Each structure stands twice: as C-alpha cells, then as structure tokens.
Amino acid sequence: MMSNLQMSMAAGIFIPFLGTALGSACVFFMKKELGDKVQRVLTGFAAGVMVAASIWSLLIPAMEQSESMGKLAFTPAAIGFWLGILFLLFLDRIIPHLHRNSKEPEGPSTGLKNTTMLLFAVVLHNLPEGMAVGVVYAGLKMGNATVSVSGALALSIGIAIQNFPEGAIISMPLRAGGMSKWKAFVCGVLSGVVEPIGAVLVIIASGLLVPALPYFLSFAAGAMIYVVVEELIPEMSGEPHSDVGTIAFSVGFTVMMVLDVALG
C-alpha cells in the first residue's frame, strides 16, 4: 500500500501529462484550427509559466541548498543551469524537428514527414518540464528542507496549466491537416508521454546522487529556459508584430509565481 508521500509523488508526476491529454482532446469539440492570435496567447502563457517555474521552483531552491558555500552558493546553480542549456542545445542539433510556423526543419536532414518532426519538437519542449517535476519530487523524497509537498504540487499544477494549450496546439493543426480526430488526439497525448518518463528517470538518478540535487534543479531550469528562448518567444513574437504574446507571458509568469509562493 502506497504512503501519502508516494501518492503525492505519483499524482504530481502525472498531473502535467493530464494537462497535455486534456488539451489534445480539444479536437473532439473544436471544429476549427486555433487562430494565430490564440496560439500566440497560449504560447506566451506557457513561456511565462516556464520562466517563473525555473526561478522560484528550481534556481532559488538550488541556491538555498548551497547556502553552506557562503558567497559561492550560486556556483552549483550556475553550473547546472549551463549544463541544462548545453544538453538541450545538443538534442536540438541531433534530433530532426520542425517548430510551429517554421518552414525549415532543424537537426539532421531526414525523410520524415512534417507532422512527425512537429511532434519531435513538442517532445523536446516537454522533456525539460518532466525533468523539472522529477527533480523537485526527488528533493521531496529525500526530505530536503527547501522542497515541500505543496511547493512540488504547485510546480506540477503550473506545468499542467500550460500543457493544456500545448496539447491543443499540437493536435488541432494535425486535425486541420486531414488527420482523423482520434489519431490527432493520440499524437497530442504521445507528445506529453516524455514528461512522466523523464520525471521518473530523474527521480531514480537523483536518488543515487543526493549531493548533486542543486545541480539537478538548475539543470532542469537551464533546459526550460533554453526552450523558452529558442522556441516559445520567437513563436509568440513573430510577424505581424503583436503585444498579445507579451501580455500572455506576463499573465503566465504571474500565475506560476503566485502558485509557487502561495502553495510553497
């Protein structure tokens, strides 16, 4: 029988995935593809959530856990952050993928369909989020004083909220392109499978390297910031110029900040 902590961890790991699945289900009750302005709003909101989560849920706790280093307490956070950036940069170079509204695929040349490469792009996007949830719950499992059940839950809920529009952003264009509702839904859901898998793998790995937890936290933060700068900001700010993405970013940032501080 699972303990309360195990139940909290199981729920926290799968809540973000549920957000993706619910968003993907939009194909069953929405007839038209999401408009450009709507997609910018949703993308901006997701970017704001990820930046706030990187700061309050990952980087600040990483530095708090290194307080014994005095004025050098930033060191694990800085190193882990850059490792996360470089890791996503590496994946960006070796995995063929296509960003939304982009005509040229990135990564090595392949004969893959655009829909497949679009799915790969979303998987790359979701991987850091799964890692972030995993490392926070790993800290909770190890009894780290800087991580609370409510704080970990706040991160899971925040990512789930921004995963809902992401699920719709991947499934709705596939449906508009002629794919059946069920197949588009399944593709949207599959794009989020990497999150619980990534979370579980990080929990296992961090359990073996307890002193490295600050590095794991900041690594996840670096990976998420890479996704925001590389993918989300260009998508929410592209031509024609509009302020809706920036406003949505600010709303997402505020929502995640409030969740983390109020529940943490």
Residues of the range 48-77 being over 23 Å from Gly158 (Cα atoms), crowded, with 16+ Cβ neighbours inside 10 Å and aliphatic (A, V, I, L, M), in sequence order, are Ala73
Here the residues within the range 216-237 that are surrounded by fewer than 20 Cβ atoms within 10 Å (Cβ to Cβ), touching a His at 6+ places or on another chain (Cβ under 9 Å) and closer than 24 Å to Val202 by Cα are Glu230
Residue within the range 173-183 that is crowded, with 22+ Cβ neighbours inside 10 Å and at pLDDT 85 or above present:
no
Check Gly130 against each of (1) small (Gly, Ala, Ser); (2) under 25 Å from Val38 (Cβ atoms); (3) buried (at least 24 other Cβ atoms within 10 Å of the Cβ) and name the one condition it does not meet.
(2)
Kindly indicate whether Ala25 is over 20 Å from Leu201 (Cβ atoms) and either surrounded by fewer than 21 Cβ atoms within 10 Å (Cβ to Cβ) or in contact (Cβ under 8 Å) with a residue 12 or more places away in the chain (or both).
yes
Based on this model, can you work out whether Gly167 counts as under 20 Å from Gly12 (Cβ atoms), touching a Leu at 6+ places or on another chain (Cβ under 6 Å), surrounded by 15 or more Cβ atoms within 10 Å (Cβ to Cβ) and not hydrophobic (A, V, I, L, M, F, W, C)?
no
Residues (basic (Lys, Arg) and either in contact with a strand residue (DSSP E or B) (Cβ under 7 Å, 6 or more places away or on another chain) or not in a helix (DSSP H, G or I) (or both)) located in the range 30-52:
Lys31, Lys32
Filter result (of a type in the set (Val, Ile, Thr) and modelled with pLDDT of 85 or more) within the range 210-257
Ile225, Val227, Val228, Val229, Ile233, Val244, Thr246, Ile247, Val251, Thr254, Val255
Read through the list (1) closer than 14 Å to Phe216 by Cα; (2) among the hydrophobic types (A, V, I, L, M, F, W, C); (3) at pLDDT 75 or above; (4) surrounded by fewer than 15 Cβ atoms within 10 Å (Cβ to Cβ), then give the number of the only condition that Met142 fails.
(3)
Please work out which one of (1) on the phi < 0 side of the Ramachandran plot; (2) modelled with pLDDT under 80; (3) polar (S, T, N, Q) is the condition Asn126 fails and give its number.
(2)
Could you check the range 63-76 and list, in sequence order, the residues that are of a type in the set (A, V, I, L, M, F, W, C) and either outside any helix (DSSP H, G or I) or touching a residue at least 12 places away in the same chain (Cβ under 8 Å) (or both)?
Met63, Ala73
Go through the range 238-258 and give me each residue that's surrounded by fewer than 20 Cβ atoms within 10 Å (Cβ to Cβ), of a type outside the set (A, V, I, L, M) and in contact (Cβ under 8 Å) with a residue 40 or more places away in the chain.
Gly238, Ser242, Thr246, Ser250, Thr254
Pairs under 6 Å by beta carbon, first residue under 28 Å from Val228 (Cβ atoms) in the range 162-184, partner modelled with pLDDT of 75 or more and of a type in the set (Ser, Thr, Tyr), six or more apart or different chains?
Asn163/Thr20; Gly167/Thr20; Gly167/Ser24; Ile170/Ser191; Ser171/Ser24; Ala184/Ser171
Going through Ile85, Ile60, Ile79, Ile55 one at a time, which residue ends up being part of a helix (DSSP H, G or I), modelled with pLDDT of 85 or more, more than 17 Å from the chain's Cα centre (by Cα) and within 16 Å of Tyr226 (Cα to Cα)?
Ile79
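The values are calculated or read from the model by the stated rules, or taken from the named source; none is laboratory data. Because the structure is a prediction, the values reported are computed rather than measured. Cβ atoms come from the backbone with ideal geometry, glycine included; neighbour counts cover every protein chain shown.
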